[in-house]
Structure formats: structure tokens, C-alpha cells
Amino acid sequence: MSRILVKGGQVVTQNAIREVLVADVLIEDGRVVKVGKVTDSVDEVIDARGDIVMPGLVNAHTHVAMSVMKGIADDLPFGDFLDKVFAVDAKRQEKDIDVGARLGCLEMIRSGTTTFVDMYYSEDVIAKAVEDSGIRGVLCWAVLDQRFTTQKGVPLENCKRFYEAHKGQRRVIPGIGLQGVYVCSEETFLGAKEFALENELLLHFHLSETRKEVYDHKDKTGKRPAEWLSQIGFLGPRCLAAHAAWLTINEVKALARAKASIASCPVSNMKLATGGVAPIPEMLAEGVNVSLGTDGSTTNNSLDMFGEMKTLALLQKSSRWDPTVVKAQQALDFATRNGAKAIGLESMIGSIEPGKMADMIILDGSSPNLRPMLPSNIVANIVYSSNAGDVKTTICDGRVLMLDRKVLSMNAERVLVAAEETGRELLGA
Ligand SMILES: [Zn+2]
């Protein structure tokens with residue numbers, strides 16, 4: 001039995017009443033067993049006095065293997081962007097996906113993300129990187145109509161095989177990824193749903209990212225995408241919709257009725273200039289569970305959830321001419337508790353509480369940008385003043401992945417060298 005004591009930090013628990021405590025956190029066999037004064041003997045002490053201890057962040061939408069493709073298609077119109085990304089992606093082999101996934105896991109460990117939701121093909125390759133790096137991944141195999149795919153075999157069958165090979169694990173959690181209404185028929189959506197319900201899996205899909213997607217679908221079916229998904233009986237509590245930017249209030253209500261979650265990706269939406277701003281205030285008012293994602297590194301171009309929290313809050317305030325919408329505490333909830341709920345893991349992760357998995361990070365309290373640090377401003381400092389470089393220690397599933405900025409679970413140097421080689425091969429530079 002291994003016991004780790006995280007000693008004396010300012011613990012932003014993110015529990016039901018959002019307590020912030022100066023406390024010790026005792027970790028036993030991967031779980032938090034006590035938050036308070038701990039005098040038990042332990043195997044390892046991590047001194048967090050003067051630092052912030054908070055739950056590991058949950059990135060609720062990304063394509064981690066694209067980390068090695070950053071900077072390849074910037075500052076382009078959306079159509080040209082897609083052409084360029086698809087052309088590079090088509091050249092990729094399993095080894096490139098492996099390198100990209102490892103680079104992304106390394107970036108997330110360094111920037112305080114302990115759980116991420118991925119959508120891609122070849123999730124079996126990504127699963128190996130997740131296993132080795134020590135991070136937690138909900139890996140959603142991309143499912144789409146046969147006629148649109150470059151996958152070998154039938155996508156839903158590939159997804160089912162991936163599930164069978166990885167079910168029952170704690171850190172690699174298989175899910176179903178549906179690319180979007182533009183490449184998935186009613187039959188594909190409902191086939192995926194049936195499999196998700198049988199096996200209690202996440203249904204993760206892109207939804208209403210661009211105006212073109214919405215109007216093309218309306219031309220084809222007479223309904224906007226979320227209306228249509230509601231009408232065909234697809235929406236439900238296992239659904240996590242990425243983007244959800246171009247929605248009407250009736251579509252927001254349909255998501256709320258279905259108890260679905262969304263993952264807003266503000267940086268990606270702004271960088272691609274797709275125009276839509278997710279109607280977060282209406283979603284919150286109607287009771288939609290809102291979480292946060294970076295999207296892939298071709299559209300962000302990073303996996304930095306601290307930057308994402310701040311951007312989401314600023315975009316909402318700016319677009320509404322109202323600084324009171326999306327407060328700091330709400331933005332932090334999106335990236336922690338709500339992310340956990342979106343993937344059905346709210347009883348396991350998302351806050352620092354006895355009984356939950358020990359997924360937590362420590363921010364360096366000596367960073368000038370985090371001072372002064374007072375009970376009254378600590379949450380605001382996390383959302384508005386911190387950056388990924390403030391993360392000094394990352395713990396996932398009770399394992400210390402990074403200690404005082406040194407990554408312990410991966411050979412960072414080897415990952416970086418491989419990323420350079422792969423980048424050069426793919427980009428021809
Ligand atoms: Zn995406």
C-alpha cells in the first residue's frame with residue numbers, strides 16, 4: 001500500500017460547496033483518503049506549503065495525435081485549412097500517431113491536464129501512449145459512414161473491437177466518437193447509440209461548429225443538427241457535443257431535456273473564425289452541463305487548459321457586452337467538475353474529496369502572477385492570472401507524473417526528438 005502526503009497547500013477542493021482550505025491531502029493506493037490535518041506515517045511527502053493544490057484539469061475535447069501537426073495550417077480560410085490538414089493526415093502512419101499522442105500527453109502533464117477526451121481513428125495506438133504516460137484518457141474511436149472513411153474495415157466494428165480490448169481499465173476508457181452530421185447518417189448515429197447504451201459508453205461528437213454545417217444539414221433534412229439529433233432519438237445523458245456553437249434556444253432546450261453535455265472550444269472557434277459563439281449563458285440557464293476542450297493542435301495550437309478557461313470567460317463577456325457572464329468559479333467548474341460529469345466520471349474525478357481518485361496538480365505559489373494569493377482571489381487567480389508554466393507537480397490516479405517540473409513518467413527528451421523527426425517528415429521542412 002503506497003501512501004503519499006501532499007502537505008499544507010491551499011487546497012481548492014472543487015467540492016459541492018467549493019471549499020478552499022489550507023490542508024494536507026492523504027493519498028492511499030491511488031485515491032484521496034483524507035483532506036485536513038494528517039499525522040499518519042507515509043511513504044512520500046510532497047511539500048505544497050505556499051502553493052495551490054487543485055483537481056487535475058479535464059480537457060473534454062481534443063485530437064491528441066494532432067499535437068505533432070501544430071502550425072501546419074494556420075491563418076487560412078476554413079476550406080483551405082481542411083484540405084491541408086487532410087492531406088497531411090492522410091500521409092500519417094501508426095508511428096506518427098504514436099509520436100503525436102506521446103507529445104500531447106507530455107504537454108498535458110506539463111500543463112496540468114490529468115484527463116482528456118479524444119476523438120480519432122487508431123485509438124489503440126493512442127491508448128498505448130496513455131498507458132505509458134500515466135494520464136487518463138477517454139478514447140473515442142471515430143465512427144462515420146463507410147463511404148466517407150479512410151479507416152480499414154467498418155468504423156463502428158473497429159470501435160467495438162477497441163472497446164473489447166480495453167474495457168474495464170481505470171485510465172484508458174473506451175468511448176464512441178461520431179465525427180459529425182456531415183459524415184454520419186441516422187443509421188450510424190443510432191447504431192453507435194445502441195452500442196453505447198449496452199456498454200455504458202460515452203457518445204462524443206462534433207456539433208454545429210460552423211454555420212455551413214448547420215445550413216447544409218437543414219437543406220438536406222429540413223432540421224438543424226441538434227434538432228435533428230433530438231428528433232431521431234439520439235440525444236441522451238451519454239452525449240457530449242463538442243463546439244455546440246451555432247445553436248438556437250430550442251436546440252439548447254433539447255440538449256438540456258436530454259441531459260446532454262457540451263464541450264466548448266473557444267480558442268479553436270476563434271482561430272478558425274467560424275463565427276459561432278456557444279450560447280453558454282442560455283445553456284447554464286436551461287441546465288446543460290458545460291465543459292471545456294482545446295480541440296486538436298491544428299486549430300488551437302496548444303492543449304493548454306488554463307489559456308482555454310480564460311479565453312472562454314473573456315469570449316463570453318466580450319460577445320455579450322456583459323462582464324458578469326461566466327464568472328471565474330464557473331470557468332473553473334467547466335474545466336474540472338463539469339468535465340468529469342460530461343464523461344460520467346463525476347463520482348471518481350473532478351474534485352479533491354475523500355473517496356475520489358487522486359488526480360490533482362500543484363501550482364507554484366511563488367509565481368509572481370499568482371500573488372497576492374488570498375482566499376478571496378485564489379479562484380480568480382487560477383482562471384485569469386495563471387498559466388500552464390505555473391504547474392509544478394501533476395498526480396494522476398495516485399501516481400506522481402511530474403514533480404517540481406520534472407516529468408517522471410515519460411522520457412521527455414526522447415519524445416521531443418521523435419516529434420522533431422516526425423514533424424520534418426510530415427511537413428517536408
Ligand atoms: Zn474536434
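Of everything in the range 298-319 that is under 25 Å from Leu345 (Cα atoms) and in a loop (DSSP other than H, G, I, E, B), the residue that is nearest to the ligand (Cβ to nearest atom) is Leu303.
State the number of residues belonging to the range 274-289 that are farther than 20 Å from Cys239 by Cβ and within 16 Å of the ligand (Cβ to nearest atom).
1
With respect to Val45, determine if the residue is in contact (Cβ under 8 Å) with a residue 24 or more places away in the chain and more than 20 Å from Asp404 (Cβ to Cβ). It is false that Val45 is in contact (Cβ under 8 Å) with a residue 24 or more places away in the chain and more than 20 Å from Asp404 (Cβ to Cβ). Based on this model, can you work out whether Gly112 counts as on the phi > 0 side of the Ramachandran plot, of a type outside the set (Asp, Glu) and at pLDDT 95 or above? When the stated conditions are applied, Gly112 passes them.
Would you say Glu213 is within 21 Å of Ile280 (Cα to Cα) and assigned to a loop (DSSP other than H, G, I, E, B)? Criteria not met by Glu213.
Of the residues in the range 261-273, how many are in a loop (DSSP other than H, G, I, E, B) and either within 13 Å of the ligand (Cβ to nearest atom) or under 19 Å from Gly100 (Cβ atoms) (or both)?
Let us first name the residues in the range 261-273 that are in a loop (DSSP other than H, G, I, E, B), namely 265, 272-273.
The next check asks that each one be either within 13 Å of the ligand (Cβ to nearest atom) or under 19 Å from Gly100 (Cβ atoms) (or both); those that pass are 265, 272.
Qualifying residue count, the range 261-273: 2.
From the list Ala87, Ala60, exactly one residue is of a type in the set (A, V, I, L, M) and either within 16 Å of the ligand (Cβ to nearest atom) or in contact (Cβ under 8 Å) with a residue 12 or more places away in the chain (or both). Which is it? Result of the check over Ala87, Ala60: Ala60.
None of Ala258, Ala254, Ala196, Ala242 is open to solvent by less than 70 Å² (accessible area, probe 1.4 Å), within 16 Å of the ligand (Cβ to nearest atom) and either free of Cβ contacts under 8 Å to residues at least 60 places away in the same chain or closer than 21 Å to His63 by Cα (or both) except Ala242. If you go through the range 199-213 and pick out every residue that is among the hydrophobic types (A, V, I, L, M, F, W, C) and away from the ligand (no atom under 16 Å from the Cβ), you end up with 1.
Flag: Leu235 matches the condition of being open to solvent by 10 Å² or more (accessible area, probe 1.4 Å) and more than 16 Å from the ligand (Cβ to nearest atom). Restricted to the range 290-342, and to residues there that are among the aromatic types (Phe, Trp, Tyr) and within 19 Å of the chain's Cα centre (by Cα), the residue that is nearest to Leu203 (Cα to Cα) is Phe334.
Being in contact with a helix residue (DSSP H, G or I) (Cβ under 8 Å, 6 or more places away or on another chain) and not in a strand (DSSP E or B) is the filter; apply it to the range 135-151 and report the residue that is most open to solvent (accessible area, probe 1.4 Å). Steps first, answer last, please.
Residues of the range 135-151 that are in contact with a helix residue (DSSP H, G or I) (Cβ under 8 Å, 6 or more places away or on another chain), as a first pass: 135-137, 139-146, 149-151.
Adding the requirement that they be not in a strand (DSSP E or B) leaves 135, 144-146, 149-151.
Working: Ile135: 0, Leu144: 16, Asp145: 21, Gln146: 97, Thr149: 28, Thr150: 132, Gln151: 28 Å².
The qualifying residue most open to solvent (accessible area, probe 1.4 Å) is Thr150.
Lys327 satisfies every condition listed in (1) more than 19 Å from Asn59 (Cβ to Cβ); (2) among the basic types (Lys, Arg); (3) surrounded by 19 or more Cβ atoms within 10 Å (Cβ to Cβ) except (3). Here Gly222 does not fit the description of being away from the ligand (no atom under 16 Å from the Cβ), open to solvent by 40 Å² or more (accessible area, probe 1.4 Å) and at pLDDT below 95.
The values are calculated or read from the model by the stated rules, or taken from the named source; none is laboratory data. Being a predicted model, the structure only gives us computed values, none of them experimental. Methodologically, a virtual Cβ is constructed for each residue, glycine included, from the backbone with ideal geometry; neighbour enumeration extends over all protein chains shown. The area values use the complete protein model at the heavy-atom level, side chains included, leaving out ligands, DNA and RNA. Shrake-Rupley method; radii C 1.70, N 1.55, O 1.52, S 1.80 Å.
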